[in-house]
Each structure stands twice: as structure tokens, then as C-alpha cells.
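What follows is one structure encoded as C-alpha cells, with my remarks underneath.
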Amino acid sequence: MTNSAPITQDVHTIPRKLPEGGKVNLVGLTREALRDVLIAHGTPEKQAKMRVGQIWQWIYQWGVRDFHAMTNLAKAYRAQLDEAFVVEIPEVVSKQVSSDGTRKYLVRIAGGHEVEVVYIPETDRGTLCVSSQVGCTLTCSFCHTGTQKLVRNLTAGEIVGQIMMARDDLGEWPVPGAPKDETRLLSNIVLMGMGEPLYNFENVRDAMKIAMDGEGISLSRRRITLSTSGVVPEIARTAEEIGCLLAVSFHATTDEVRDKLVPINKRWNIEELLNALRDYPRLTNSERITFEYVMLHGVNDSDEDAHRLVKLIEGIPAKVNLIPFNEWPGAPYKRSSNNRIHAFANIIYQAGYASPIRTPRGEDILAACGQLKSATERARKSRKQIEAEAGVKN
């Protein structure tokens, strides 16, 4: 197909009403919490552990939402579950498909708020970019999402529900009794969507534990990458309580520049951040920390910046992901030239670090890194307002 225009389609789903009559949504509950609510609604304690395992598999391994379809449970018990509980996930409002196959979903959560979720197909994997907040606490000046005010944190159910929603759309739920197929269209998760995951730690942790559970979605912790802008106090907790891979939105080699690009640096500067990161590979036995570095023309892309970056990360098992800046309407920066990006990458590579240049995906539908921003919550800022907040001089 030669037409590069994005395909936009409205996805008409069976209306997912918000829980009525005090029904409890089971999606997002940990095993312990699920056991507690089952007992509270009449499940005998002696049966609770078994019932948790059965219901867990139906929801997270088979993708079943209707209690009456959970056929290894007695009919009377299924009716009892149906009276007290629901299995609700975020509702898909629309889906856009890029010319490169990237899918961007706009999904609605409780309260009528909307977030964006992106699925990126590749030859050897399929990666889902998951959101953790409506809007963002941070105000990173190069990031479109950062121009949207924080509305609220997502619940664990709303986070893991994004994974379930994508599996629905990809038709990837296995059929009970069918031969096991290890091929995964959705094989990786990156917490790089809307929001700062470490400002919503408990909900992110619980959602990822559900995603990693071997009797459900069953994704390895090495298939999950959490991206943070540098919430230093939560980095050790991430290693201990989640154990996934870590990516850091670094983007600058001096505090002066990083203060403007990533304002959280004013609270925890580069030195404090790097000190926290030095322990992370040891704590999780993970291979490397990924340093994400957006390439901004004339801002952070000089040879001097590259040499400083090498010096800063010395001693940390690391790779450096170079991200060509994904422009958006009103953006106060420009993308570095291809020659400049390759020269920067070569300096990093010659120092012994992998320095892949990320291929922008889904740019035609504003689905690329740093471009996510839900339309209904969009803050109508002018270019001058954005530039002024970013401290950019003309």
C-alpha cells in the first residue's frame, strides 16, 4: 500500500457500563485482594485459594469477562459471582492505524477521562506502550504529554486493562483446550505512555505483577521496561518490588540543560540520579539500564555532550537509546540532523556502549515517543506559552 495517510476507525464495542449497584471490578486486584473480596462475598475460606486460581485463569489467561462462561465453576457459584462482581476494562473510543502498522488507541476510563495506548509491531516482537496517569505530573518541555496537566493516577485495573484491551484487538487470547502457541503478538510492555510511572508506584507495581503472573498473561519481567524521568526515592523500590528492566529519560549532560528539559532534575539532579542507578543492575540482576536521550538541534546534541554522557554513565551497565525528536504542533525544539545524530551515536559506540537510533514509529498519527496527549484533555497552549515555560529563547 502506497497511501501513507493514517487510517482512523471508530471502534464500536459492547457498551461497558460502569459497575452498578456496588459491584466490585475484579480486574487489577492482586491475588490476595481477590481472595479477600471473594470471602467477603460468601466464598468459604477453605475454597478461596482454589477459586482465586480458577477465576484468575479465566480472566487473565483466557480473557473471559462473563462469569457464566467460566465452565469449571458450579452454576450456582457463577450466578453468585455475577451478582457481586464485574470484569471491566477500559473502553476503546477510537483506534488509528499508522502507515507503518503502529496502532494508537484512545481509551476511556472511569470518570469519562481518556488516555492513549500505542501498539508497535516489529519483526521480532510486539510492544505495547502503556499509560500510568491521565496527563502527567511532569512538565518536560520537549514532550507533548507534558503540556497536559495531571488529572489523576490510573488504577491497577486501568493499567492492566490496557494490556487486556490490546489483546482483545489483536485477537490474542488463547482458546481453552487448544494446543499451546508460544507466538506472541504482544510480547513486550513499556511503561512509556502518558504519565510518570513512579509517581503511581503501587498501582503500577500491582498491574505489572498481574501481567507477570505465570497463570495469566505471563510476561517475563525482562519483557517489561519501566521508564522514569528520575524519581530517585522509588528506583530501589522498583528493583525490589517489580524487578523489571529500567529506562531513564536522561536527555542532557549538564544540570543547567536538564533543569529545562526535565524539570524533575531540580529536585533530584544528575549526580543523585546516577548514584541511585548504580545499584539498580545489582538489585535486579538485569543486564543494562537504558538511557533515553532525545536529540534536540543545538540543545543537547554536540560532540561535547556525547563525551560528557560517556563520562557520566561510566561504571553503569548501560545502553543509550538515541531518539530523534518527534515534533508536534507548537513544539519549541527541532530534530537534530541525521548526520549529527549518527556522529553522536558513533562517539557513544566507540566508548563501548550500544547506541541504537530509534526509528520513529506512528508519527503520522502522533503516536511516537513524546507525542501522546489525549484530545479531550488537551491544554490549548500557544507556541509562545510553551517556549516561555521551557525557557527557550528565540
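Since every read-out is calculated from the coordinates, none of them should be taken as a lab result. Given the structure is predicted, the values throughout are model-derived calculations rather than measurements. We place every Cβ from the backbone using ideal geometry, glycine too, and count neighbours over all the protein chains shown.
Full extension of the chain between residue 62 and residue 175 yields a length gain of 40.0 nm, computed as 0.36 nm times the residue separation minus the alpha carbon distance.
Pairs of alpha carbons in segment 264-366 separated by more than 19 Å make up 49% of all such pairs. Remark: 335, 278 ranked as 278, 335, counting other beta-carbon atoms within 10 Å and listing the fewest first. Within segment 24-86, the percentage of alpha carbon pairs spaced more than 16 angstrom apart rounds to 36%. With a cut-off of 13 Å, note down the residues of segment 290-324 whose backbone N falls inside the zone around a label point 7 Å from the Cα of residue 357 toward its beta carbon. Flagged as within label range: 295-296, 322-324.
Counting 0.36 nm for each residue step from residue 32 to residue 222 and taking away their Cα separation leaves a gain of 66.0 nm.
Local charge for residue 352 was computed over the other residues whose Cβ lies under 15 Å away, with Lys and Arg +1 and Asp and Glu -1, and equals +1. Around residue 223, what is the net charge, scoring Lys/Arg as +1 and Asp/Glu as -1 over all other residues with Cβ under 10 Å from its Cβ? Once all neighbours under 10 Å are counted, the net charge is +4.
At full extension, residue 123 and residue 311 could sit 64.3 nm farther apart than now, given 0.36 nm per residue minus the alpha carbon distance.
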